[in-house]
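Worksheet for the structure shown next.
The values are calculated or read from the model by the stated rules, or taken from the named source; none is laboratory data. Predicted model, so just to flag it, every value in this text is computed and none were measured. Cβ atoms come from the backbone with ideal geometry, glycine included; neighbour counts cover every protein chain shown.
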Amino acid sequence: MNKTDKIYIAGHRGMVGSAIWRALTTAGYTNIIGKTSAELDLRNQADVRSFIASEKPVAIIDAAAKVGGILANSENQFEFLLENQQIQNNLIQEAHTNNVAKFIFLGSSCIYPKLSPQPLKEEYLLTGSLEPTNEGYAIAKISGVKLCQFIRNQYKKDFVSLMPTNLYGPFDNFDLKSSHVLPAMLRKFHEAKISNNSVQLWGSGKPMREFLHVDDLAKAVLFTLENILPEHLYNVGTGTDITIKQLAETIQEITGHRGEIVWDREKPDGTPRKLLDVSKLNKSGWKAQVELQDGIKETYKWFLEHQDSFKQLKMS
């Protein structure tokens, strides 16, 4: 990949896409393009076809998706399945039709069965039932992985899928109804500290989760962009996990909250454990660098600097 090659980042304004943009810019890439959802509706096949045919990018990085936490996923299964399939199908098909040299598809660790052995290996895909609360999103991402695999096998194209674990970092979604666990906790603990209240959290706190700083994912994307990898699917994570209770206590300490943590055990825990086996990508030459506590401190600092933009978001 030459530093002047045109690279299209779909979803360039999101947490993941903006991190990838920063990583590529830092690495010296000078011809990166992106379109807002107002400028290009990725759900519209005709618009995507026209855009890709006109721009002719050498590489496409698909960081565009409809995403959310347990509540948003469980209440909007139809939209999460339909819209994510529309977005990725349009991008993958037009990348293939227009002979785009490299396509990087970003998914999620939720593609793996709920009760898979731990840590999760790439070969566990489609070996069991999915977590019901995010089945729609997971099925969409699985279909994207399979499309990239089939194009790679059938047409010998460099299409690669990266499956990151739970992400966090600057530009995350801190809306309490639609965000993931870590940013939601950061906001809850911060606002409870200000109001001197307790913090109520879902479930028992026993499930274990792995967390990856978005800048580490961006570097994994850069690594994939600059290298020819031998397989179609790679997990991206730290290879270590903690309980939700430990995460809550860590965030409580970082934010300076001194109140009580109340666990609502009538709410779902979700998958008991989701730890990725990241040995394949590690052996290829990439490894996560950001320690969790350091990453949370940085993310909280970013949140404090931008909290005015979250004040209009409704508390739940």
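Can Lys114 be described as among the basic types (Lys, Arg) and modelled with pLDDT of 95 or more? No; evaluated as a whole, the condition is false for this residue. Of all residues assigned to segment 168-184, none qualifies as being among the acidic types (Asp, Glu), under 17 Å from Ala65 (Cβ atoms), within 17 Å of the chain's Cα centre (by Cα) and assigned to a helix (DSSP H, G or I). All conditions in (1) modelled with pLDDT of 95 or more; (2) out of contact with any strand residue (DSSP E or B) (no Cβ under 6 Å at 6 or more places or on another chain); (3) over 26 Å from Gln154 (Cβ atoms); (4) not aromatic (Phe, Trp, Tyr) hold for His96, with the sole exception of (3). May I ask you to say which residue of Leu147, Leu126, Leu130, Leu120 is of a type in the set (A, V, I, L, M) and at pLDDT below 95? Only one candidate qualifies: Leu130.
Got at least one residue in segment 289-305 being in a loop (DSSP other than H, G, I, E, B) and within 29 Å of Leu176 (Cβ to Cβ)? Among the residues of segment 289-305, at least one is in a loop (DSSP other than H, G, I, E, B) and within 29 Å of Leu176 (Cβ to Cβ), which makes the answer yes. For segment 243-267, a residue qualifies if it is of a type in the set (Asp, Glu), closer than 13 Å to Lys206 by Cα and in a helix (DSSP H, G or I), and exactly one does: Glu249. Would you call Leu229 surrounded by fewer than 21 Cβ atoms within 10 Å (Cβ to Cβ), in contact (Cβ under 8 Å) with a residue 40 or more places away in the chain and not in a helix (DSSP H, G or I)? Yes. Only one of (1) over 14 Å from the mean Cα position of the chain (by Cα); (2) more than 17 Å from Ile111 (Cα to Cα) fails for Ile61. Which number is that? Of everything listed in (1) over 14 Å from the mean Cα position of the chain (by Cα); (2) more than 17 Å from Ile111 (Cα to Cα), Ile61 misses just condition (1). Residue count for segment 97-132, restricted to those that are within 18 Å of the chain's Cα centre (by Cα), outside any loop (DSSP other than H, G, I, E, B) and surrounded by fewer than 22 Cβ atoms within 10 Å (Cβ to Cβ): 1.
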